[in-house]
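Peer 1: The following block contains the structure, expressed as structure tokens.
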Amino acid sequence: LLKKKSKILLPLLSIIIIGGGIIGYIMNETLQEEKPYRSFIYTDFGVYVPNEYSIYGIDVSKYQSNIHWEQVKKMQVQNISIDFVFIKATEGKFMKDKNFEKNWKQTKENYLIRGAYHYYLPDGSPEAQAQNYINTVQLASGDLPPAIDIEDRGIGLHKTFIKNINIFISKITDYCSCQPIIYTYDSFYQQYLKGHLNNYPIWIARYGSEKPELNNFDFWQFTDHAQIDGIGPVVDMNVYSGDSISFQKLLLK
């Protein structure tokens, strides 16, 4: 009877050992795949936040409704606070965000570094769009450079698309005497903008634990679901990739 049991137990033991090895291998591979999460921490912002950076910000528009900026300024979670804000100013040739003036004024009053962005429409006159922004935004020393939100390709030729963007950028550059910031999402940059706008600060949207494919990004919008004191709806949250010295150099003089 013991010999029979031994004959049965030995194969079972081998199966258990092999199975344990397979499970261990799978778990190790899973941990390797999830390794990027190790640079993230879960916070009272309601999202995982990359913790290898030191400068954080948000971007807002009319969809965040009425914002209590003094609460935004006071919020601090695990040594992370809101240092800068991009505010939607204009879209296309005529549209002006209805909350821009209020947000623009109150961020300044609450000592938040502010920037104003334009949502670019590829089928509208680039000159008229630039003028809409210029007529709306009164920049001051200490502000971030203008940001251009480019995420719509339109239906025209690609060379025309790029040409018109450069016309828009040229007018904005003349206005601010600075290099504007280019905002887009990761795959759009790789497909349509890569190689065309290399000399400008880049603000990339890519949600989750993986960094943008573009290694030398300046800003990274890593979530659109952050919970910020003083703001009812969820909001986009960003990091600046450099240190405080390079950040200060970026600001308008």
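The values are calculated or read from the model by the stated rules, or taken from the named source; none is laboratory data. From a predicted model like this one, the values you see are computed outputs, not experimental measurements. Glycine gets a Cβ as well: all are built from the backbone with ideal geometry, and neighbour counts include every protein chain shown. Note: areas computed on protein heavy atoms with side chains; ligands, DNA, RNA excluded. Shrake-Rupley method; radii C 1.70, N 1.55, O 1.52, S 1.80 Å.
Peer 1: About its Cα centre, what dipole magnitude does segment 64-188 give when the only charges are +1 on Lys and Arg Cβ and -1 on Asp and Glu Cβ, stated in debye to the nearest 20? Walk me through the numbers before you get to the answer.
Peer 2: Working: 14 positive and 14 negative charges, 36 e Å.
The calculated dipole for segment 64-188 is roughly 180 debye.
Peer 1: Give, to the nearest whole percent, the P(r) tail of segment 202-253 beyond 19 angstrom, counting all Cα pairs.
Peer 2: Values: 508 of 1326 pairs.
Counting every Cα pair in segment 202-253, those more than 19 Å apart make up 38 percent.
Peer 1: Continuing with the same structure: Give me the distance between the Cα centres of segment 35-80 and segment 206-253, rounded to whole Å.
Peer 2: Spelled out, the Cα-based centre of one part sits 9 Å from the other.
Peer 1: Of the listed pairs Lys73/Lys96; Lys73/Lys249; Lys74/Lys194; Lys96/Lys171; Lys96/Lys211, which have alpha-carbon separations greater than 29 Å here? Please list the in-between numbers first.
Peer 2: Numbers: Lys73/Lys96 25 Å; Lys73/Lys249 22 Å; Lys74/Lys194 38 Å; Lys96/Lys171 18 Å; Lys96/Lys211 32 Å.
Lys74/Lys194; Lys96/Lys211, as the Cα separations exceed 29 Å there.
Peer 1: Could you give me the radius of gyration and the Dmax of segment 146-253, taking only the C-alpha atoms into account and expressing both in angstrom?
Peer 2: Taking only Cα atoms of segment 146-253, I get Rg and Dmax of 15.0, 44 Å.
Peer 1: Another question, then. Let me understand segment 93-208 better: what is its radius of gyration from the alpha carbons, and its Dmax, in angstrom?
Peer 2: Cα radius of gyration and Dmax of segment 93-208 are 14.3, 44 Å respectively.
Peer 1: Would you calculate the separation in nanometres between label points at Glu52 and Ser244, each defined as 7 Å from the Cα along the Cα-to-beta-carbon direction?
Peer 2: The answer from the label model is 2.2 nm.
Peer 1: A further question follows. At Leu251 and Ser209, where each label point lies 7 Å from the Cα along Cα→Cβ, what is the point-to-point distance in nanometres?
Peer 2: In this crude label model, Leu251 to Ser209 measures out at 3.5 nm.
Peer 1: Could I ask something else about it? If you count, for each residue, the other Cβ atoms within 10 Å and average over each peptide, how do 144-154, 199-209 line up from highest to lowest? Don't skip to the answer; put the middle values down first.
Peer 2: On the way: 144-154: 20.1, 199-209: 17.9.
Ranked from most to least packed, the peptides come out as 144-154, 199-209.
Peer 1: Could you give the nm distance between label points at Leu157 and Lys105, where each point is 7 Å from its Cα heading toward the beta carbon?
Peer 2: About 4.7 nm, to one decimal.
Peer 1: Continuing with the same structure: Taking the solvent-accessible surface of protein heavy atoms with a 1.4 Å probe, what is the per residue accessible area of segment 143-253 in Å²? Working shown, then result.
Peer 2: Working: 5130 Å² over 111 residues.
Dividing the accessible area of segment 143-253 by its residue count gives 46 Å².
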